[in-house]
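**Q** My questions will all concern the structure given below.
The values are calculated or read from the model by the stated rules, or taken from the named source; none is laboratory data. Note that the coordinates shown come from a computational prediction; the quantities given were computed from them, not determined experimentally. As a convention, Cβ positions derive from the backbone with ideal geometry for all residues, glycine included, and neighbour counts pool all protein chains shown.
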Amino acid sequence: MSQSSASMSSSGPARFPEPYIVVEGFGSVDVVPDFGAASATVEVERHDLPAARREAITRMNAVLAALDSLHVPARDIQTSRFAVEIVQEYQNGRRVFQGYRVTHRLGVHARPPERLGEIIDAVFEAGATGIDGIGFFADDPEAALREARNRAVADALAKARQLAELTGVKVGRPLQIEEPPREVRGEPFARPRRAAMMASSAEPTTISPGEESVDVHLRIYFAIV
């Protein structure tokens, strides 16, 4: 957690000709995510392109059937990548054709987020070859951000009033408010990560969504009177 600070100036810089107090406010809100997300990938390499496509289609159809059996709504399943690539290797200084790679990736949402574990197990059992991009999100992330910002403003104002009281002045209007850029993580409390698992694992996958904190830092310049 970052430290907040405060300072006073009897004469402001050119942009603030009047005396001012500058304070930093901090606001934080703990949030329980509403859903989890992950990407399920089918990747097949074969020397023959039709064979690679057939196997990739068969595997992905089985993955979709597994998701349907778990009653995952269609709106929570979205294709994020489909690619066909030539596979080559360098041998004796030249490229040698090895075959074709077909990649099909789906993004899946799990509601509640604890269901992500059984979804991962089901898609691996159905034929997925990889899982990544695991994260946790809120349906309305802006609500938490607004509340954190409210708390940051209240924190800054309390500091300004304390400084003013200690020095025999009064807090006037805000002259400028600065909010440093926040870390971009997809959503205020997304936690992207990778998972390396084997479909043959007998143990069920346990997913713990936990909580995330949405933090806001502000710097506010108040006039003093």
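Matching residues to (1) at pLDDT below 95; (2) surrounded by fewer than 15 Cβ atoms within 10 Å (Cβ to Cβ); (3) in a strand (DSSP E or B):
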site	(1), (2), (3)
R95	yes, yes, yes
A128	no, no, no
F136	yes, no, yes
A154	no, yes, no
L157	no, no, no
P180	yes, yes, no
E183	yes, yes, no
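**Q** What residue, of D68, D48, D76, is among the acidic types (D, E) and more than 33 Å from the chain's Cα centre (by Cα)?
**A** Going through D68, D48, D76 in turn, the sole match is D48.
**Q** What is the number of the single condition among (1) modelled with pLDDT of 95 or more; (2) buried (at least 16 other Cβ atoms within 10 Å of the Cβ); (3) not aliphatic (A, V, I, L, M) that Q78 does not meet?
**A** Going through (1) modelled with pLDDT of 95 or more; (2) buried (at least 16 other Cβ atoms within 10 Å of the Cβ); (3) not aliphatic (A, V, I, L, M) one by one, Q78 breaks only (2).
**Q** Could you list, ordered by first residue, the pairs with Cβ atoms under 8 Å in which the first is in region 130-153 and of a type in the set (A, V, I, L, M) and the second is assigned to a helix (DSSP H, G or I), at least 6 apart or interchain?
**A** Going by the 8 Å Cβ cut-off, the qualifying pairs are I131/I120; I131/V123; I131/F124; I134/L116; A138/A144.
**Q** Is there any pair with a first residue in region 163-178 that is farther than 14 Å from E18 by Cβ and a second that is of a type in the set (F, W, Y) whose Cβ atoms are under 6 Å apart and which are 6 or more apart or on different chains, and what are they?
**A** none
**Q** Determine which single condition V72 fails, assuming it passes every other condition in (1) touching a strand residue (DSSP E or B) at 6+ places or on another chain (Cβ under 7 Å); (2) over 18 Å from S39 (Cβ atoms); (3) part of a loop (DSSP other than H, G, I, E, B).
**A** (2)
**Q** Against the condition touching a Leu at 6+ places or on another chain (Cβ under 8 Å), in a strand (DSSP E or B) and either under 25 Å from L49 (Cβ atoms) or of a type outside the set (D, E, K, R) (or both), how does Y90 come out, does it pass?
**A** no
**Q** For region 65-107, give me each residue that is without any contact (Cβ under 8 Å) to a residue 24 or more places away in the chain and within 20 Å of E118 (Cβ to Cβ).
**A** Listed by number, the residues that qualify are D68, H71, P73, A74, R75.
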